[in-house]
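S.K.: So that we are looking at the same thing, I have put the structure below in structure tokens.
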Amino acid sequence: MLSSVQLVPQKTGFLKNTRQSCPQISASRNNQLHTRCSKGIRTHTGLVRGGRSLQNSIISAASAAGAPVASQIDENSILDAVIVGGGISGLTTALALNAEHKSEVGSFLVTEARDRVGGNITSMSDESKGLLWEEGPNSFQPSDAVLKAAVDAGCVDDLVLGDPKAPRFVYWEGRLRPTPSGPDVVTFDLMSLFGKMRAGLGAIGIKSPMPEYEESVEQFVRRNLGDEVFYRLIEPFCSGVYAGDPTKLSMKAAFGKVYDLEEKGGSIIGGVIKLIQDKKANPPPERDSRLPPKPQGQTVGSFRKGLQMLPNAIAEKVKESIRTSWKLTAITKNKDSGIFELSYETPEGPKLIKSKTVALTVPSYVAADLFKEDIPETSKALNSFDYPPVAAVTITYPESAILEDRLDENGNLPGFGQLHPRTQGITTLGTIYSSSLFPGRVGKGDVLLLCYFGGALNRKVTEMTDEEIIAQVDVDLKNMLIKQNAPPPTKVAVRVWQRAIPQFNIGHLEQVKAAEDGISQKGWDGLFLGGNYVSGVALGKCIEYGYTFADKIAASMTASKP
């Protein structure tokens, strides 16, 4: 569930409110993830173990190891590539360049405006309480791209997987009901018999034809699979993944693989059949022998000490090429040499970096400011994307607070988590059973829950206090999961992402193309747009695109050589 953002490390104590006065942050417009402070100022907290921040820059370790420092790159140096943004997209791009494209890209730099890498990935812990929790993305689908990144970064042995049989639930008509996960697709009670029949007929092609206009997720799903699939499955899923409005989300942009099934096969089932036929006719490349076996079932993954282990491991691999606390203020391209010139504010003072290519992986609105003067049409397109606010609310309850009918035969809370359709009167978007998904992340006798709150249809989350948010989450959970007479939850953390997840709304793909076209028409070939507004918002999508992005940079370097 959910994606994107980052900020500046600062100490946050468990159960200790951070509403004391705090200094104004000046880390760039990427400052999206926030913990509450007085006067509405919001600051970021880093990975905490025993109350100490561990998410300070990896660069300090690089300096200690004798790696080149920033001052060694002078204004006469010309790099092959500069990657702007040290989130997972930028880091994976650097990892791929280092692992696969050394011959084409001999020198590169990763610059990050904040004083840490990792972007929206924010793993936190308090060892004295036995707690480990996530305040950005909570897990990933263990695709081959993610496994490859873990292998290349050297942290694959720290990979942990959730129970592939863990059920997912949707709250409907007063009960948490499991979603279908295999043979139970016929017997599950989230949908009526009529709804299942309607979905089946639509899937095989008994439906209205595709329209000529771009459909929203709502329009596509209701036309293909019926109202019940939309309201009971897809609408809450959109809330959970995008924190979005399915009446505005573009089916083609947000869920392109499903859209392609109907476009290529005439129906969803027809598309699946054609996809199978195409794979038989054109077998995919042999799987990388270094990768661990493909995980079975509908599992999700993390790392032993949280998701932050991956960006930290990548940063260690390319530490000589990372510069944190470097804020990019301007980009130009020298007309005579064709070299990009990037102006930075750094702790050592202003820096001018020259490079043959530039890969931007920052949020679209940050990139938009860089093009405001030179390519206004690109700036306008990039500024058109909506990033609604989302709060990540981490709380604990005693195990005794869980409703008996939610426990398994061993007295444990089973499952991945639950989603809440807007029509059911629940404000909270969804809840992850963190301590069930990855055991050992909470003290004995408690359950750890991560709840998401806000989104495109509830933007008032930015005006609410931590206490108000937690109180509403508690009210919601006591309608579904928690006993009515249970004590209030214990606050672990509340994080509010003011600009959280880019919305792939209708027209999104056209706006991305307009931004790219503006760059091309300006003659700035060699400057590439990336990041989650291009790749997709899921963590795995960002990682997969990082490898693709590296291929693109390498191809550009090869093409430019005489």
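The values are calculated or read from the model by the stated rules, or taken from the named source; none is laboratory data. It should be emphasised that the depicted structure is a prediction, and the values quoted were computed from it without experimental measurement. Reconstructed Cβ throughout: ideal geometry from the backbone, glycine too, with neighbour counts over all protein chains shown. Areas reflect the complete protein model, heavy atoms only, side chains present, ligands, DNA and RNA absent. Shrake-Rupley method; radii C 1.70, N 1.55, O 1.52, S 1.80 Å.
S.K.: Explain nothing, just the number: relative contact order of the chain, from Cα pairs under 8 Å at least 6 residues apart, as a whole percent. Write out the running numbers ahead of the final one.
M.R.: On the way: 1175 pairs, mean separation 133.5, N = 562.
Once normalised by length, the contact order is 24 percent.
S.K.: Going by a ≥ b ≥ c, the root eigenvalues of the Cα gyration tensor, does the stretch 404-562 fall in the rounded group (a/c under 1.5), the prolate group (a/b larger than b/c) or the oblate group? Write down the numbers at each step before the final one.
M.R.: Working: a/c = 3.31, a/b = 2.17, b/c = 1.53.
Cα axes put the stretch 404-562 in the prolate bin.
S.K.: On to the next question. With every protein chain kept in place and ligands, DNA and RNA left out, what is the accessible area per residue of the chain? Probe 1.4 Å, answer in Å². The partial results should precede the final answer.
M.R.: On the way: 23830 Å² over 562 residues.
For the chain, the solvent-accessible area averages 42 Å² per residue.
S.K.: In whole angstrom, note down how far apart the Cα centers of the stretch 387-447 and the stretch 129-184 are.
M.R.: Spelled out, the Cα-based centre of one part sits 14 Å from the other.
S.K.: Which of the three applies to the stretch 311-408, rounded, prolate or oblate, going by the alpha-carbon gyration tensor with a ≥ b ≥ c and a/c under 1.5 meaning rounded? Each step should come with its number before you reach the end.
M.R.: On the way: a/c = 3.53, a/b = 2.04, b/c = 1.73.
Prolate, since a/c reaches 1.5 and a/b exceeds b/c.
S.K.: Pick the calculated volume of the Cα convex hull per residue in Å³ for this structure from (1) 161; (2) 409; (3) 147?
M.R.: Answer by label: (1).
S.K.: Right, another one. Excluding Leu527 itself, calculate the net charge of residues whose Cβ lies under 13 Å from the Cβ of Leu527, where each Lys or Arg counts +1 and each Asp or Glu counts -1. Working shown, then result.
M.R.: Numbers: positive: Lys333, Lys356, Lys522, Lys552; negative: Glu341, Asp374, Glu516, Asp517, Asp525.
Charge balance in the 13 Å sphere: -1.
S.K.: Can you give the accessible area of Asp163 in Å² (nearest 10), computed on protein heavy atoms with a 1.4 Å probe?
M.R.: 90
S.K.: Carbon and sulfur atoms: what percent of the 1.4 Å accessible area of the stretch 471-531 do they account for? Walk me through the numbers before you get to the answer.
M.R.: Numbers: 1150 of 2370 Å².
It is 48 percent, rounded to a whole number.
S.K.: Excluding Thr394 itself, what net charge comes from residues whose Cβ is under 10 Å from its Cβ, given Lys and Arg +1 and Asp and Glu -1? Let's see the in-between values first.
M.R.: Working: positive: Lys491, Arg495; negative: Glu134, Glu135.
Charge balance near Thr394 sits at 0.
S.K.: With helices defined as uninterrupted DSSP H runs, which ones in the chain have an alpha carbon span along their own long axis of at least 18 Å and mean Kyte-Doolittle hydropathy of at least 0.0? Can you show the working numbers first?
M.R.: Details: long enough: 268-281 (20 Å, 0.59); 508-521 (20 Å, -0.69); 539-560 (32 Å, 0.27).
Those that clear 18 Å and a mean of 0.0 are 268-281, 539-560.
S.K.: For the pairs Lys248/Lys491; Lys279/Lys305; Lys327/Lys541; Lys102/Lys372; Lys444/Lys483, flag any whose C-alpha to C-alpha distance is greater than 31 Å. Walk me through the intermediate numbers first.
M.R.: Working: Lys248/Lys491 34 Å; Lys279/Lys305 37 Å; Lys327/Lys541 26 Å; Lys102/Lys372 34 Å; Lys444/Lys483 19 Å.
Where the Cα-Cα span goes over 31 Å, the pairs concerned are Lys248/Lys491; Lys279/Lys305; Lys102/Lys372.
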